[in-house]
Amino acid sequence: MRLIQNGLLLSAGVLVALLVGCSSAPTTKSQLGDGSQNGVSTSKAKLINAEILNEESKSIAVTDIYYKKEGKNSSFVEETRNKSESTSASAITPQVIAVDADKANSSALTGGPNSSAFPVKFTNLADPASTSSIAAQTPDANLPKVADSPVSNASSSASSQTVKKSGYESKMEYGEVRYLASPIRGVLINSGYKVVQAKPSVPTQNQGDEYFDIVQRIKAGDFGDANYVLYGVLEEISFTDNADDIPGTKSSSQQVALDVVVDFNLVDTQTTQIVASFIASGGGHDVRIDGRDNNYKPSMAKLMKEASLSLAEDVAKRLQDQNFVVANPANDKRTEGRNYKRRLDDDASSLKVYGK
Amino acid sequence: MNARKVTLLAVLFSSSFLLACSGPQVRYGDAKGVETVNANYGSTDLQMIAESMTRSLLQSKPISASKDAPRVTLAEVKNKTSEYIDTTVITDKIRTQLLKSGQVRFAVSISEMQNQVDELKRQNQTGLYKSSTISKTGNMQGAQYRIEGSIASIVKTNKDVKDVYYVFNLNLIDNESGLIEWADEKEIRKTATR
Amino acid sequence: MKKYFLMILSTVILAACSSTPSIKEMTDRYGDTDSIQITDMRSIVRNGVLTAQVTIKNDSKSNLVSYRFRWVGKNGMSVFDEESWKPVTISKGQSTNIIGIAPTPDATDFRFELNQYQ
């Protein structure tokens with residue numbers, strides 16, 4: 001009897017344990033979404049100091065971005081010779097047919113649609129040896145003026161002869177733009193390169209395209225002991241200003257952009273071999289609601305800053321493809337602003353079930 | 001005798017009060033209850049449509065299979081019936097239920113843009129706000145999908161019966177590729193006998 | 001002796017059945033719905049969301065009934081507002097499948113409610 005009773009108690013205890021074990025609600029196996037509100041892993045950015053850059057880091061020089069600006073104006077010379085018995089006078093009136101400024105300048109580096117920051121000086125085509133600038137310093141004349149001929153002689157026989165010579169005058173300007181290269185140097189420093197100062201390159205008189213000859217500059221020692229030289233040529237800079245309606249509203253939006261496209265080459269100084277070559281572009285944008293209606297004047301400084309920063313981002317991406325630059329997770333903006341799915345956050349320890 | 005009179009008077013008074021109060025009354029009904037006043041479009045139809053579309057959307061691939069909550073916006077639901085139906089109420093209900101589920105993010109629709117633009121203009125362009133505390137123009141998030149649909153009806157009447165059949169179609173369209181990622185429909189039939 | 005055996009048997013049965021509640025426990029009936037029998041009830045998680053399927057059969061003439069689901073999360077707390085009552089038309093002897101999909105992935109359990117209308 002005792003044994004049976006003990007056996008019963010034991011089995012009852014086991015069954016109670018089973019009941020307790022099975023009474024917990026079956027957990028759903030699929031838990032979609034990680035429920036974390038802030039799943040961004042904030043990996044610490046590599047802190048680069050001059051001390052950390054050791055002897056083995058490669059050194060690189062980044063030149064300021066070169067540019068070449070071309071302008072063309074069409075011009076003609078009109079020569080009127082008046083012959084009479086007593087005098088013979090000729091009046092040479094040089095004319096400049098003022099082409100629209102945005103046609104004369106193939107690019108306006110300081111921005112602005114009709115920038116006349118690049119004045120085209122007229123040289124006397126009729127007299128090439130002459131260096132004196134004649135009174136054609138009126139490049140904004142819209143109509144070709146016919147100057148008054150100062151000669152008029154009262155004589156019986158007079159003949160006048162007019163000769164017109166026309167042609168194009170083109171002018172080229174070479175130089176370096178400073179602001180675009182600095183964020184690129186920053187990107188390279190963050191990837192562990194030693195950045196060497198490049199000597200500024202000054203264009204000479206009558207400079208031709210040999211301004212862009214990088215091998216000559218390497219041989220001349222402009223870049224110190226750099227292992228690589230990254231140099232770029234500014235191909236085009238464009239300033240656009242567009243306005244459009246915003247659907248569903250009574251307003252319009254004016255979008256102003258400054259876009260820059262630069263052609264880069266990365267040269268190994270020892271072998272003068274091009275190790276990387278790409279085109280990178282960057283742009284600064286500004287948007288203004290109802291800007292057209294209210295005569296919005298955009299800030300060129302802000303656009304230039306944004307253009308240079310986005311150009312550096314693009315250069316970093318291109319160099320990553322060629323394994324020159326290490327991807328820095330702190331710079332990866334793609335993890336910002338992720339839209340996470342939200343789950344209920346019930347604190348199970350605070351559950352209270354009230355009795356009847 | 002007096003007691004009897006008193007009780008009789010009491011009964012008379014109470015019955016007259018009851019009669020007086022049996023006129024028009026106001027009571028709160030059940031907002032979720034089935035409504036069968038007539039065969040036109042009613043609250044139960046609205047609730048059934050919104051609920052079945054929401055639940056079906058939650059199970060659809062773009063929403064259930066993506067790790068992040070997808071961004072959706074509402075586009076137009078056309079009313080192709082002959083009745084007056086406010087279709088934005090249906091889409092607002094769907095949007096509310098989806099937002100409460102936490103699985104979808106919604107972007108303001110075209111009809112709500114005026115308020116958004118006015119607020120952005122106020123913060124960015126008046127110069128009155130501290131620049132570190134403003135919401136900047138140019139940072140709105142665009143929607144990946146949009147929801148649009150239509151409701152149509154077939155009404156047939158004869159001398160005894162009016163039969164109304166509604167079909168509500170809803171599509172989830174990818175804004176970039178133009179593909180329809182999900183579509184569902186809900187059919188409702190109501191019959192009124194005279 | 002027999003009493004003890006009965007005790008053991010009943011506890012065994014209880015232990016076996018405690019994992020899934022019965023259809024009766026999952027259903028709440030309001031109004032007069034005696035003619036409707038629930039023949040099958042099952043649920044599964046489909047595409048991350050709890051989906052319940054209930055098969056109801058109409059035994060007698062009255063065929064106007066409305067239903068709704070009540071969704072419950074972990075700890076028995078409700079996860080969503082009350083649903084609206086949805087009317088179903090079933091003829092005599094007909095059985096129909098009712099499918100309910102949870103409003104959020106947080107729902108882990110449900111209750112089925114039946115009501116008459118009109």
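Rule-based calculations on the coordinates, nothing more; no lab input. These figures come from a predicted structure and were not determined experimentally. Positions of Cβ are backbone-derived with ideal geometry, glycine not excepted, and every protein chain shown enters the neighbour counts.
Less than 5 angstrom separates the built amide H of A:GLU235 from those of A:VAL261, A:VAL262, A:ASP263, all sequence-distant by 5 or more or on a different chain. In chain B, one over the average inverse separation of all distinct C-alpha pairs is 21.2 Å, which is the Kirkwood hydrodynamic radius.
Distances between placed amide hydrogens fall under 5 Å for A:LYS58 paired with A:LYS194, all partners being 5 or more residues away or on another chain. Helix B:2-20 versus the longest principal axis of chain B: what is the Cα-based angle in degrees, 0 to 90, to the nearest 10? Roughly 30 degrees between the two axes.
Computed from phi, the 3J(HN,Hα) profile of region C:64-78 under the Karplus parametrisation 6.51, -1.76, 1.60 (θ = phi - 60°) reads 10, 9, 10, 9, 7, 10, 10, 9, 10, x, 4, 6, x, 7, 6 Hz, with x in place of Gly and Pro.
Springs between alpha-carbon pairs under 10 angstrom, Gaussian network model over chain C: which of C:PRO87, C:PRO103, C:PRO21 fluctuates most? Result: C:PRO21 has the largest fluctuation of those listed.
Based on C-alpha pairs under 8 angstrom that are at least 6 apart in sequence, region C:22-116 has a relative contact order of 39 percent. With semi-axes defined as the square roots of five times the eigenvalues of the C-alpha gyration tensor, the equivalent ellipsoid of region C:22-116 measures 24, 13, 11 Å, largest first. Taking 8 Å as the Cα distance limit and 6 or more residues as the minimum spacing, I'd like the relative contact order of chain B as a percentage. Once normalised by length, the contact order is 21 percent.
Taking the beta-carbon count within 10 Å as an exposure proxy, list B:MET113, C:MET26 from fewest neighbours to most.
Ascending Cβ contact count within 10 Å gives the list B:MET113, C:MET26.
For the cross-link pairs A:LYS356/B:LYS100; A:LYS341/B:LYS130; B:LYS67/C:LYS86; A:LYS302/B:LYS121; A:LYS250/A:LYS305; B:LYS78/B:LYS186, the ones whose C-alpha atoms lie over 23 Å apart are A:LYS356/B:LYS100; A:LYS341/B:LYS130; B:LYS67/C:LYS86; A:LYS250/A:LYS305.
Structural descriptor for region B:86-155: relative contact order 23 percent, calculated from alpha carbon pairs under 8 angstrom and at least 6 residues apart. On the principal axes of its alpha carbon atoms, region A:192-273 extends 62, 40, 20 Å, with the longest extent given first. Backbone geometry of region A:166-175 corresponds, through the Karplus equation with coefficients 6.51, -1.76 and 1.60 at θ = phi - 60°, to 3J(HN,Hα) couplings of 10, x, 10, 10, 10, 9, 10, 10, 10, x Hz, x marking Gly and Pro. With contributions of -39500 (n - 2.57) from each DSSP H run of at least four residues, the per-residue ellipticity at 222 nm computed over chain B stands at -11000 deg cm²/dmol. Near A:LYS68: Cβ cut-off under 10 Å, other residues only, Lys/Arg at +1 and Asp/Glu at -1. The net charge is -3.
Taking amide hydrogens as placed 1.01 Å from N in the peptide plane, the amide H of C:PHE110 sits under 5 Å from those of C:VAL72, each at least 5 positions away in sequence or on another chain.
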